[in-house]
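The values are calculated or read from the model by the stated rules, or taken from the named source; none is laboratory data. Fair warning: this is a prediction, and the values are worked out from it, not measured in the lab. Glycine gets a Cβ as well: all are built from the backbone with ideal geometry, and neighbour counts include every protein chain shown.
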C-alpha cells in the first residue's frame, strides 16, 4: 500500500468517526413544526419566513405574488402564490393545500396588510376605506376562520399572530387623520380579542402584534428598525409571552403592552 493510499484511508476513517459521533441537528423545543405566514412577499413577511425556515420549521409562505421571496431561496419553505385574503375562494385554496399536504398549523402569522390613501378628513376616499377594512381586518379573520373550519389549527399549543399597528389605538391617537388605516387596524384589534375568547377552548392562543416603525415599502423605507429586528421581537413574544392566559393581549415588538 503506497503512502497516498494510506493517507486516504486515514482521512476516510477520521471523517467516518466524526460523522458517527456528531450530535444530530434538532429543532429547539420552542421551534414550531409548521408556520403559515400571509403577506410573505413583503419586508416583515419575508423576515418571518426567513426566521422560521432557518430554525428548521416547515414554512408556508402565502402571497399574491412571490417574486421577491423566491429570490431568497429559503430552505424548508413552500411558496403559495395567488392567494388574496379578500377572496373566499382564494383563501380556500390555501386550506386545500394544507389539508392535502396533511399539515396542521403550529403558528399562523396574519401579516397581509394594506395602507390606505387619504391622510386628512378632506382626502378620504370611501372605496379605499372599504378596501382597507377588507384587507386589514376582514382578511386575517377570513384566513383564520377558514383554517379553523377545516380543523387545521388543532396542533397542541397552536398560536395565531395578528400583525396590526399602533395607529389602531384610540388612546394613542394624538394627531388625527389616517381614518381608513386607523379604523381598519382598530377593527383587527377587536377581532383579535374575540378570536382569543373563541379559540381558547381549542387550546389556540392569539397575539395582537404591533411591529414598530419598520423600514419597509409601506413606510417608504423610513422606519426606525429593520424587518429582521421587528420580527425578532415579535417571535420572542410568541415564544415567551403568549399562552392561553395572555391570549388577546396587544404587544409592541419591544414587549410593551399597548392600550386600546
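Looking at region 159-260, the strands (runs of 3 or more DSSP E) lying wholly inside it that each contain 3 or more residues that are under 18 Å from residue 143 (Cβ atoms), touching a strand residue (DSSP E or B) at 6+ places or on another chain (Cβ under 8 Å) and free of Cβ contacts under 8 Å to residues at least 60 places away in the same chain sit at 205-210. Looking at region 127-143, is at least one residue buried (at least 24 other Cβ atoms within 10 Å of the Cβ), assigned to a helix (DSSP H, G or I) and either modelled with pLDDT under 95 or more than 18 Å from the chain's Cα centre (by Cα) (or both)? Yes - at least one qualifying residue is present in region 127-143.
Look at region 45-72: where a residue is free of Cβ contacts under 8 Å to residues at least 24 places away in the same chain and a partner is surrounded by 20 or more Cβ atoms within 10 Å (Cβ to Cβ), sitting 6+ places away or on another chain with Cβ atoms under 7 Å, you get 64/83.
If the condition is being more than 22 Å from residue 116 (Cα to Cα) and crowded, with 20+ Cβ neighbours inside 10 Å, then region 205-229 contributes 205, 206, 207. Of all residues in region 144-157, those that are on the phi > 0 side of the Ramachandran plot and at pLDDT 95 or above have Cβ atoms under 9 Å from Cβ atoms of residues that are crowded, with 19+ Cβ neighbours inside 10 Å and in a loop (DSSP other than H, G, I, E, B), 6 or more apart or on another chain, in 157/32; 157/106; 157/204. Summed over region 94-126, residues that are at pLDDT 95 or above and part of a helix (DSSP H, G or I) total 7.
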